[in-house]
Structures are given as structure tokens and as C-alpha cells.
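The values are calculated or read from the model by the stated rules, or taken from the named source; none is laboratory data. Here the structure is a predicted model, which means the values were calculated and not measured. A quick note on method: Cβ atoms are made from the backbone with ideal geometry, for glycine too, and the neighbour counts reach across all protein chains shown. Just the protein is used for accessible areas: all its heavy atoms, side chains included, with ligands, DNA and RNA removed. Shrake-Rupley method; radii C 1.70, N 1.55, O 1.52, S 1.80 Å.
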Amino acid sequence: LLPFYGMAQGLDTLRHEVLLETSMGNIRIALYNETPLHRDNFLKLTKEGYYDGNLFHRVISSFMIQTGDSTSRHARPEAQLGEYSPDYTLPAEIHYPALYHHRGAVAAAREPDDVNPEYRSSASQFYIVYGRRFNEDMIDRVQARLDKATKGKVAIPPALREAYYKKGGTPHLDGQYTVFGEVLEGMDIVQAIQNVPTDAHDRPLQDVRILRATVVK
């Protein structure tokens, strides 16, 4: 993984950590102090047991794994998931390019731009990036996509181009979704989850579940 930007800049590195014990193994994540609203909300939901039993309801190979719909706990195999989160949203806390969608980034899901022009985040749904590695031509195509989506407001600087080339991620989401944490341990588990077979709605054919989420630091 790439080093956390704040650590590289000598900023405060005392960060809360959350352990996701999943049916496929453990994932340990750190929460960024630069996104305090998302950090505190995630800690609150974790302490309340909100994430315990949730499925990874949306899984896309070479992209990301998503969870946070609490109705998924007892969902039937054929049920379509991902429509529920608590009845509030969070203001965007986008700190691009400092916080970006590198492999292992943890970010908040949200409603689409046409109904959510302020990029407000879901109260509970989040995703963990796996992504892919990019060459220069691929990054150029992503930049063109970003130019169209953001009207030229999001540019991929040289350092991030190199990072996406060497480490991978999902650069087409940069500057539009709040990245609020990163995986410290368990990227092998993230990799395994994003490779499981899924149905036409990207739900795993065999449930992948968060057994328990706990604040460990």
C-alpha cells in the first residue's frame, strides 16, 4: 500500500482503527483524522453494532467491495440489496489529491450526481478499493472521463499517475467521493472477496458477511 499522505507530511498520525471480522478473514482499517465527520460517524455505527452481520452486497472484480446495508443481515439469496442506509447523509469531506482512491482506500458510497450534486455521503454504506494498475494511455482515458464528469475540476497529478501505475486503484472516482480511511491489514482478504462469483446485480452468490466490527484503537 502507499503510505498515508498525512504520515508522509508529518501530520498527526494517531488514528482510530476498526477491525472487520468477515466470513473470509479479517480486514483492519484506519480512519483519517482529515475527515472527522466520516470518522466519528463510522466509529459511532461500529460501536452500536450496526455493521455486525452485514453482507458485502456489491462486489465487482478489479474494482471494489461494498457493504453497509443493514437489511442484508437476513436477506434471501435472490434479494436485491443496497437501497438502505440510516435516514441521514454526511457532507462531503473530499481532500483530493491528498486522499485518493489507491488500492486499499476506504470511501463512502453515495447517491448519483443527478440527485446529489453536493456529493453527500451515505450514512453507512462504504466500499474498499481494489481496482487495477494503469498505464499512461489508461490514465489519459481516465483523465478525459474525469474532465467530463467534473467539468475539468479534477486533474491527476504526476505523483498519482505514478502511484496508479505502480500500486493500482480506481482513479475515475477521485474528487467525487469521500475517502476516509485505508486498509492496514487484510488486503489479501479484500482481493479474495472481490474475486468471488456474483449474480447479475453484483451480489456474491455465496454470502460474504461482516461477522463483527469493533473499534480496536
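General remarks:
- Residue ID - nearest to ASN195 (Cα to Cα), chosen from residues in the stretch 45-72 that are part of a loop (DSSP other than H, G, I, E, B) and open to solvent by 10 Å² or more (accessible area, probe 1.4 Å): SER61
- Residue within the stretch 41-58 that is under 13 Å from the mean Cα position of the chain (by Cα) and closer than 21 Å to GLY169 by Cα present: yes
- Residue that is more than 21 Å from ASN41 (Cα to Cα) and assigned to a helix (DSSP H, G or I), where the choices are GLN80, GLN143: GLN143
- Assessment of the stretch 155-162 against the conditions (of a type outside the set (Lys, Arg), under 20 Å from the mean Cα position of the chain (by Cα) and either closer than 30 Å to SER23 by Cβ or assigned to a helix (DSSP H, G or I) (or both)) yields at least one matching residue.
Rundown of residues vs (1) under 27 Å from TYR51 (Cβ atoms); (2) open to solvent by 10 Å² or more (accessible area, probe 1.4 Å), yes/no style:
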site	(1), (2)
ALA107	yes, no
PRO112	yes, yes
VAL142	no, yes
ASP147	no, yes
TYR164	no, no
GLY169	yes, no
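- Output for the stretch 184-217, where each listed residue is assigned to a loop (DSSP other than H, G, I, E, B), on the phi < 0 side of the Ramachandran plot and either out of contact with any strand residue (DSSP E or B) (no Cβ under 6 Å at 6 or more places or on another chain) or not basic (Lys, Arg) (or both): ASN195, VAL196, PRO197, ASP199, ALA200, HIS201, LEU205, GLN206, ASP207, VAL208, VAL216
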